[in-house]
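Trainee: One structure follows; several queries about it will come next.
Bear in mind these aren't lab numbers, they're just calculated from the coordinates by the rules spelled out. Bear in mind the structure is a predicted one, so any value in this text is a computation, not a measurement. Here the Cβ positions follow ideal geometry from the backbone for every residue, glycine too, while neighbour counts run over all protein chains shown.
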Amino acid sequence: MAVPSAPAPRTHHGTDIDRLAVDTIRTLSMDAVEAAKSGHPGTPMALAPVAYTVWKDFLRYDPADPAWPNRDRFVLSCGHASMLLYSLIHLAGIRRAGAHGGAAIEPAVSLEQIKKFRQLDSVCAGHPEQHMTSGIETTTGPLGQGCGNSVGMAMAARWLASRYNTPGHTVFDYDTYVLCSDGDMMEGVTSEAASIAGHLRLANLCWIYDDNSITIEGETHLAFSEDVGMRFKGLGWRVEHVADANDTAAMKRALEQFKAEQDKPTLVIVKSVIGYGAPKKAGSHESHGAPLGPEEIKGAKEAYGWPVDAQFLVPPEVPEQFAKTMGVRGKTARQAWQQTVADQAGSHADTAADLASFLSGRLPTGWEQAIPCFPVDAKGLASRVSSGKVIQALSAAVPWFLGGSADLAPSTMTLVPGAGDFGPGSFAGRNFHFGIREHGMASACNGMALSGLRPYCATFFVFLDYLKPALRLSAIGNLGVIYVLTHDSIGLGEDGPTHQPIEQLASARAVPGLSVFRPADANEVSETYRVVIGRGDRPAVIVLSRQNLPTLDRAHYGSAAGVARGAYVLKDAGPQDAGTQPGIPDCILIGTGSEVQLCLEAAEKLAAEGVRARVVSMPCWDLFAEQDAAYQESVLPTAVTARVACEAACGFGWERWIGQRGRFVGMTSFGASGPAPALYKHFGITAEAIATAARQLLPAT
Ligand SMILES: Cc1ncc(C[n+]2csc(CCOP(=O)(O)OP(=O)(O)O)c2C)c(N)n1
Ligand SMILES: [Mg+2]
């Protein structure tokens, strides 16, 4: 497939310094990809004038303070073009955010780091990683996610403005810019996100679509023939066109239209030619995803009027140009903002105090006291119900703890009465309605978390798979998004196998850095939220039942505070001899969620036969795995190999805790449609089955 060869890559309407800056971005990208012997040079080369125009003329960003809360956000959704972003961060002189708000002095991306693009010790990873490098707003690479995240950032901007702006004091009014590609446009999550953004009329959001008609397999007409502009108009967006990515004046006009638009998000569709300027070998489109090779690089540099043998050349005028434009504008804006915040403290003390609390990054004092303690109740309540109560209580205590569901608030119990709906024109509400767009919801929540909020999002647990790619990025980026996932097993009953999660627990537990909780009763739910809210840098999945779970009498059982350690002894075996402390049990029964109750019943049956069974509640594997060996040994003594685990899910992974000898009582197939009690019986998930498994493991007497 031939990529059209292009004339010398001049920016139209630009000045010499503009051209120099654009060519510096291009040559840095080419050289870095060449040195790495991998990466995508073509897109950074083609988009250099577009990105330069955004940064030079529009982005409100102080390179000295990359964490300034009211900075404009720039998201590179086509993360494969990462060298574009690294070049910009370097040339704009963005500093590395100081630890704990300290002064930022070091460059976020030095030239040395660019020379080590894609190497193990470089901040210039293959794809941009937010937690690794200042100036990167979000981790991108999986196409579509940056678009999804940006909608959350724009939503957060609206919510923050509603809460913290007071007359004469605009504390939040940042815009979010996104560069995205054909792949982004093809991905479903982008459509979900664009649909939400159009509905919410997020006029503070601007996507710039690199319409270069090429993806990896070749020209886009192989698989993509829709009218993107018409689609976005239908979604309620303003659509602008720029006929040539090199036409910086046209780009500027389009972005001015975005700035003037008050009622809709904007899509700017920019035509570009990948690798623009690089002379092409006939029949090759290698610049798409591979280094250009020395000959092609030389040719390109020649066409730019660049010293052909120079590598990683940064003419000093270029950083100066960024400093004079974006740098000065950003610094002025940030200083004015600091004054605004100071002035607000004089006239609106309550808002100012609330703002200071939000900006501190700490939770408001007293948040822990808000968490309810549930009374003993044999009938009990579904953990989705106790979760709803905890969410409501926390919502009153932590203003920026907010969220919603993918059209399942009544089932997931996530609606907070009196907190208002977040919707077009009513951005102060704290009940978010994501519509039936699970993937878009989770991706937006990542953007909200990156904007300082503590978002939760909810759906049925089985639809974990619909949002998994965004969940994975919550984990990679250390984002404290809380996934409230209810209807956690065959216990949901009549809706049948399409709605009954089986392998979802194993799949979620396999994600590094993600804590998966399956609490056994209302007080374990409370303790789960205590752990999860208390730490903002890790996502959590909270898996909750549809059916009632008895609220255990903690006077007779281990304290629910044990949730913080992942697993704890809920009920120990009775003393070996009358009057002595409980010793090593004969067997251990481990359960999570609704099956903990079955383990307790099984232990009673065994006790009646003189078998000393310990019951362990294990709501969170990875927290338990983090405990020291002594604690782990105190809960699961090595000497006791007679172990039975019970969970109404597939047993994948349980051998980690029950060992080779252990038995698992659970699911080995998809579920079925029927009332929950009938299903538990049908699939053999009963106290008797647990007791039988335990008996089989004990030495014959
Ligand atoms: C979800 C996802 N699927 C597949 C890929 C692999 N991939 C990387 S770039 C690319 C296509 C690139 O085409 P386009 O999005 O048009 O970007 P361009 O090359 O034009 O910059 C693909 C399929 C990916 N990064 N993310
Ligand atoms: Mg493309």
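Trainee: Given N residues in the range 363-419, what is Rg(Cα) / (2.2 N^0.38 Å)?
Mentor: In units of the 2.2 N^0.38 Å rule of thumb, it is 1.20.
Trainee: Arranged by the count of other C-beta atoms within 10 angstrom, fewest first, what order do Tyr304, Tyr456 take?
Mentor: Tyr304, Tyr456
Trainee: Looking only at Cα atoms, what is the convex hull volume of the range 440-543 per residue, in Å³?
Mentor: 86
Trainee: Which of Cys445, Cys599, Cys180, Cys373 comes first, and how do the rest follow, when ranked by fewest Cβ neighbours within 10 Å?
Mentor: Least to most surrounded, the residues fall as Cys373, Cys180, Cys599, Cys445.
Trainee: Order the peptides 121-127, 150-156 from the highest to the lowest mean number of other Cβ atoms within 10 Å of their residues.
Mentor: The peptides rank, most packed first, as 150-156, 121-127.
Trainee: Now, a different point. Using a/c under 1.5 as the rounded threshold, could you call the range 53-118 rounded, prolate or oblate? The axes a ≥ b ≥ c are square roots of the C-alpha gyration tensor eigenvalues, and prolate needs a/b larger than b/c, oblate otherwise.
Mentor: oblate
Trainee: Next question. Distance from the Cα centre of the range 80-148 to that of the range 419-440, in angstrom?
Mentor: A separation of 31 Å, based on Cα centres.
Trainee: Per 10 Å bin, what is the whole-percent P(r) computed from every C-alpha pair distance within the range 127-253?
Mentor: Spelled out per bin, shortest first, that is 12, 37, 36, 13, 2, 0.
Trainee: Only Cα pairs under 8 Å and at least 6 apart count here; give the relative contact order of the range 181-245 as a rounded whole percent.
Mentor: 41
Trainee: Counting DSSP beta bridges in the chain, what percent are antiparallel, to the nearest 5?
Mentor: Percentage antiparallel, nearest 5: 15.
Trainee: Summing Lys, Arg as +1 and Asp, Glu as -1, what charge do residues with Cβ under 11 Å from the Cβ of Ile436 carry, Ile436 excluded?
Mentor: It works out to a net charge of -2.
Trainee: Another question, if that's okay. In terms of the Cα gyration tensor, with a ≥ b ≥ c the square roots of its eigenvalues, is the range 566-701 rounded because a/c is under 1.5, prolate because a/b exceeds b/c, or oblate?
Mentor: oblate
Trainee: Going toward the positive end of the dipole of the range 521-600, with +1 on Lys and Arg Cβ and -1 on Asp and Glu Cβ, which of Val541, Gly562, Thr551 do you reach last?
Mentor: Of the candidates, Val541 comes out farthest on the positive side.
Trainee: Would you mind ranking Phe517, Phe232, Phe427 so that the residue whose beta carbon has the fewest other beta carbons within 10 Å leads the list?
Mentor: Starting with the residue having the fewest Cβ neighbours, the order is Phe427, Phe232, Phe517.
Trainee: What does the net charge come to around Ala694 if you take all other residues with beta carbon closer than 11 Å to its beta carbon, with K and R at +1 and D and E at -1?
Mentor: +3
Trainee: A further question on this structure: Just to be sure I understand the curve: with the Debye formula and one point per C-alpha of the chain, what is log10 I(q)/I(0) at q = 0.05, 0.06, 0.10, 0.11 Å⁻¹?
Mentor: -0.28, -0.40, -0.95, -1.08
Trainee: Counting only other residues whose beta carbon sits under 12 Å from that of Gly536, what net charge do I get with K and R as +1, D and E as -1?
Mentor: Value of the local net charge: +3.
Trainee: Ok, one more. With every atom except the alpha carbons ignored, what do you get for Rg and Dmax of the range 177-228, in angstroms?
Mentor: 12.0, 35
Trainee: If you average 1/r over all unlike Cα pairs in the range 201-336 and invert the result, what Kirkwood radius do you get in angstrom?
Mentor: It works out to 18.1 Å.
Trainee: Over the range 620-674, calculate the relative contact order: mean separation of alpha carbon pairs under 8 Å at least 6 apart, over the residue count, as a percent.
Mentor: With pairs under 8 Å counted, the relative contact order is 31 percent.
Trainee: With a 10 Å radius around each residue's Cβ, average the other Cβ atoms per peptide and rank 224-231, 37-44, 160-167, highest first.
Mentor: Top of the packing list down: 37-44, 160-167, 224-231.
Trainee: On to the next question. Can you show me the helix-derived [θ] at 222 nm for the chain, built from DSSP H runs with n ≥ 4 at -39,500 (n - 2.57) apiece and divided by the number of residues, rounded to the nearest 500.
Mentor: Calculated from helices alone, the mean residue ellipticity at 222 nm is -11500 deg cm²/dmol.
Trainee: When ranked by the protection proxy of mean other Cβ atoms within 10 Å per residue, highest first, what sequence do the peptides 60-70, 610-620 form?
Mentor: 610-620, 60-70
Trainee: Next question. So what's the gap between the Cα centers of the range 247-268 and the range 467-528, to the nearest angstrom?
Mentor: 41
Trainee: Around Cys124, which amide H atoms from residues at least 5 apart in sequence, or from another chain, sit under 5 Å from its own amide H, with H modelled in the peptide plane?
Mentor: Those lying under 5 Å, H to H, from Cys124 are Arg118.
Trainee: Please report the spacing between the Cα centers of the range 303-365 and the range 627-701 in Å, no decimals.
Mentor: 55
Trainee: Also, I was wondering about something else. With a cut-off of 8 Å between alpha carbons and a minimum separation of six or more residues, what is the relative contact order of the range 137-291 in percent?
Mentor: 23
Trainee: Sequence-distant or interchain residues sharing an amide H contact under 5 Å with Met667, placed H: which?
Mentor: Counting only residues 5 or more places away or on other chains, the set is Ala649, Cys650, Gly651.
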